[in-house]
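So the structure is just underneath, and the comments pick up after that.
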């Protein structure tokens, strides 16, 4: 049909459907915003457990659909982003009013409303679970807009949680997913004035588009993680952590280490330790061969995202030991034209040797000049002075110390908020500088009493503005004269004399009107 | 608001604009609203024009968009009349407009003699969406013609003439359809045929059985919820019992779904929500999104014999016009979306809850709410109660119409795509209007 009627381009069919989803989400969010904390917890737990049940199966499906990563590691992330998130926040309350009698202030949590969640192909199911959990904990309606490479598995993931949530009492339509994503559809969703916030995890272009949309947006920038090992570090432990982190899900988390910066005094020992952990340190022509495979001219070839070290070595014609988990590529200087200093979402780790910790900090800054500002960095050191110097000089908003950065900065192995969305703050042109967590999806209405004490704040502790829904939301629209229909005032009984009298009057007056 | 006020508004517009034609619509223009009203009486329909002026609703619809109408004066109204569901999807629904605009680069009405692209495509879409068993589609240019087709089909299939309908029913004003409705409209044109068109009271099974017992009835025709009668709801089990009586006495059951179809009850077809498989289903009004007239009759193969015996048996040049079919394919698709169904349930709940809250304020005046989805009849404790409320709603920016055949009852018909904030606005305006109408009806204007 489009071929025959090519003169006026039809809007792609998915676009109007997408707008209908926003409208439905708006209704759902209005209902959800009145729920009480007990019901919210019941819903969040049900969704989390549903996510856990399919964590392994969707881990496998994600690798099959995208070709990225390691199914077993994806399962770990899927569990972390379903029941893991639930366990982290089960005792938090983003629903009930918070009283501050000493300050004469009461905070009433108000959800954003309709959340558009852009999710990446690299961490598809985990990010879907993560954002849904955040939305449920804060009573927001969410529309998942997955990367096209991962649309099937993301749809399944969203449906699994949606069904469980609605069965536990969540409003119909509070979790929706775009099954056939397209650029026009994503644009239509992001620019729709009914959207309350966009949470964008993905490529820079997508994130910038979210900020340009005219809607409030929480976008995150790309990473390019420097990891410094100074002379005070426990070298064996550092090597162990770095290799494990770099190998995790084949480096697909944006928090994976990109450039290893090692102080000269520790370099030889670290290299040996890395080899013991399964790193293959490239040398001579091997380095150029790997660069030739990984980089397509001036950018990272996304065909290698989440591929294994052995696959990359093989493509470069390099024989590596069977137990090789990562490739280490030494290079002399962190400069923009050095491709190994750029972000690499695959288990190839750049390495530079620096004469001192101070020069290492300079190198880390240079890494972040290329990309990744505001994101994360890691340091392996026992020296608080160096760690403070590093953290205060390098433009990142989290520095993971003596832990693998993949799970360290993501909050899985540190006390940072566990997240699939790293706020890159002002350094990284984002509105949020923390790991994304539930509190970012609510605002507070603040009841404020005068500070000079002329009007004392009464006791609000017994007041609960929210309630448990009476049944399914929305209720099925049964006819008002059927059993079970809500009624306040019963319509008059048909046998009622008055009614008969009225009917007679009606007939008379009708006659008058019609004829007169 | 009387005619003088209308003239006053017309003058206001006139003096603030220097062009001689203040209302220029391209192919025609008027100087003022008063001129339109005068000429409407002179050249068009004096009775109707005067009726609305006298009713305090001197509306001449100008701009239209979403669920909003603008009178020529610039006054905005939220449309809860929807012209009987014609604007179920809002006015000039952008998706329907786009589908039609694109189609007009290629299609026109088509030639009714031939098999046609859009007619075939719509027929398939309708059959796929319809209650089980309905398998053929016949087209008319409007609801009345579609009812005539349904009645003719029933007569052909049963070789019987009588058609039983509900007293005070409305199924259109064409040749046969007019016989199923109130005498007012048939006697006026000497078209009443009581012997062939017996009427029985609604919700009266004994009367229905009495009418069918002679086995000389071709069909019973019913709106699933009678609109012009103020949407009295069928008693629980009533429609099922009528369907059973039809089977027992060899009459067909024709479901007039013009106002109850297209998701208005929260399911695509009201009769399917009742769990009934009708022998014939008629849809019109909203089916083509208010953009191009078309109406459709869905029948079972076993009753569609005339389509084979003489495919030219019912000829209608405009029936099934292809542009209408294209609008209808799009409208049906929008109505059928899971998102739309969900929204209708939300709208029905919010409207119902809001109206019950208003009812609690005026229990002696606002005495009943008949609701099935977004089909509502609001009952007032005064023989002309709905006219008071209609007038006050109009003053307050809402257009909803009283029930012609029971003016105690206001037809209150939110669109199926109504936004939450508009629902809230409607409820705010309705609360005020109902209060004012109460004071007005009880004596002394508010």
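The values are calculated or read from the model by the stated rules, or taken from the named source; none is laboratory data. The shown structure was predicted, so the numbers you read here are calculated from the model rather than taken from an experiment. All Cβ positions, even for glycine, are placed from backbone atoms using ideal geometry, and neighbour counts span all protein chains on display.
Do we find that residue A:154 is assigned by TED's automatic domain parsing to the domain that holds residue A:18 and assigned to a strand (DSSP E or B) in this structure?
Judged against the criteria, residue A:154 is not a match.
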- For the stretch A:242-261, which residues satisfy the criterion of being assigned to a helix (DSSP H, G or I) and under 18 Å from residue A:379 (Cβ atoms)? A:242, A:243, A:244, A:245, A:246
- Going through the stretch B:334-356 one residue at a time, which ones are within 22 Å of residue A:15 (Cα to Cα), without any contact (Cβ under 8 Å) to a residue 24 or more places away in the chain and at the interface with another protein chain (Cβ under 7 Å from one of its Cβ atoms)? B:337, B:339, B:342
- Note on the structure: Residues of the stretch B:138-162 being part of a strand (DSSP E or B) and under 20 Å from the mean Cα position of the chain (by Cα), in sequence order, are B:138, B:139, B:140
- Does residue B:371 count as at the interface with chain A (Cβ under 8 Å from one of its Cβ atoms) and either at negative phi or buried (at least 18 other Cβ atoms within 10 Å of the Cβ) (or both)? yes
- Message: Checking the conditions here, which among B:119, B:92, B:155 is in contact with a strand residue (DSSP E or B) (Cβ under 8 Å, 6 or more places away or on another chain), over 24 Å from residue B:263 (Cβ atoms) and either surrounded by fewer than 19 Cβ atoms within 10 Å (Cβ to Cβ) or away from chain A (no Cβ under 14 Å) (or both)?
- Response: B:155
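When you scan the stretch A:165-186, how many residues do you find that are in a helix (DSSP H, G or I) and crowded, with 21+ Cβ neighbours inside 10 Å?
3
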- Which of (1) part of a loop (DSSP other than H, G, I, E, B); (2) touching a residue at least 12 places away in the same chain (Cβ under 8 Å) is the odd one out, the single condition residue A:443 does not satisfy? (1)
- Item | The one condition in (1) under 20 Å from residue A:345 (Cβ atoms); (2) buried (at least 19 other Cβ atoms within 10 Å of the Cβ) that residue A:263 fails to fulfil | (1)
- Could you list, in sequence order, the residues of the stretch B:96-107 that are in a loop (DSSP other than H, G, I, E, B) and under 13 Å from residue B:327 (Cα atoms)? B:104, B:107
- Scope the stretch B:60-95; condition over 19 Å from residue B:376 (Cβ atoms), assigned to a loop (DSSP other than H, G, I, E, B) and out of contact with any helix residue (DSSP H, G or I) (no Cβ under 8 Å at 6 or more places or on another chain); matching residues: B:75, B:92
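Could you check the stretch B:108-122 and list, in sequence order, the residues that are closer than 16 Å to residue B:287 by Cα and either without any contact (Cβ under 8 Å) to a residue 24 or more places away in the chain or outside any helix (DSSP H, G or I) (or both)?
The answer is B:120, and nothing else.
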- Among the helices (runs of 4 or more DSSP H) contained in the stretch B:328-446, which hold 2 or more residues that are under 25 Å from residue B:61 (Cα atoms), outside the structural domain of residue B:290 (by TED's automatic domain parsing) and at pLDDT 95 or above? B:385-395, B:420-441
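Hand me the list of helices (runs of 4 or more DSSP H) wholly inside the stretch A:320-436 holding 2 or more residues that are within 19 Å of residue A:243 (Cβ to Cβ), touching a residue at least 40 places away in the same chain (Cβ under 8 Å) and in contact with a helix residue (DSSP H, G or I) (Cβ under 7 Å, 6 or more places away or on another chain).
A:405-408
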- Task: Look through A:487, A:461 and report the one residue that is modelled with pLDDT under 95, more than 8 Å from chain B (Cβ to nearest Cβ) and either part of a loop (DSSP other than H, G, I, E, B) or touching a helix residue (DSSP H, G or I) at 6+ places or on another chain (Cβ under 8 Å) (or both).
- Result: A:461
- Residues satisfying the stated conditions in the stretch A:38-53, i.e. surrounded by fewer than 21 Cβ atoms within 10 Å (Cβ to Cβ) and within 19 Å of residue A:119 (Cβ to Cβ): A:52
- Task: Would you mind stating whether residue A:189 is at pLDDT 95 or above, buried (at least 24 other Cβ atoms within 10 Å of the Cβ) and not assigned by TED's automatic domain parsing to the domain that holds residue A:384?
- Result: yes
- Task: Considering every residue within the stretch B:410-419, establish whether at least one is crowded, with 22+ Cβ neighbours inside 10 Å, touching a strand residue (DSSP E or B) at 6+ places or on another chain (Cβ under 9 Å) and under 22 Å from residue B:167 (Cβ atoms).
- Result: yes
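A quick yes/no check of all residues on (1) farther than 28 Å from residue B:410 by Cα; (2) away from chain A (no Cβ under 14 Å):
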{"position": "B:206", "(1), (2)": "yes, yes"}
{"position": "B:221", "(1), (2)": "no, yes"}
{"position": "B:246", "(1), (2)": "yes, yes"}
{"position": "B:263", "(1), (2)": "no, no"}
{"position": "B:273", "(1), (2)": "no, no"}
{"position": "B:297", "(1), (2)": "yes, yes"}
- In the stretch B:230-242, the residues that are away from every other protein chain (no Cβ under 11 Å) and surrounded by fewer than 22 Cβ atoms within 10 Å (Cβ to Cβ): B:240, B:241
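Please work out if residue B:10 is in a helix (DSSP H, G or I), surrounded by 19 or more Cβ atoms within 10 Å (Cβ to Cβ), at pLDDT below 95 and more than 28 Å from the chain's Cα centre (by Cα).
Yes; evaluated as a whole, the condition is true for this residue.
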- Residue among A:122, A:204 that alone is more than 19 Å from residue A:27 (Cα to Cα), modelled with pLDDT under 95 and buried (at least 24 other Cβ atoms within 10 Å of the Cβ): A:122
- Task: Residues that are more than 12 Å from every other protein chain (Cβ to nearest Cβ) and out of contact with any helix residue (DSSP H, G or I) (no Cβ under 6 Å at 6 or more places or on another chain): find the helices (runs of 4 or more DSSP H) completely inside the stretch A:1-110 holding 2 or more of those.
- Result: A:37-53, A:55-66, A:71-79, A:85-89
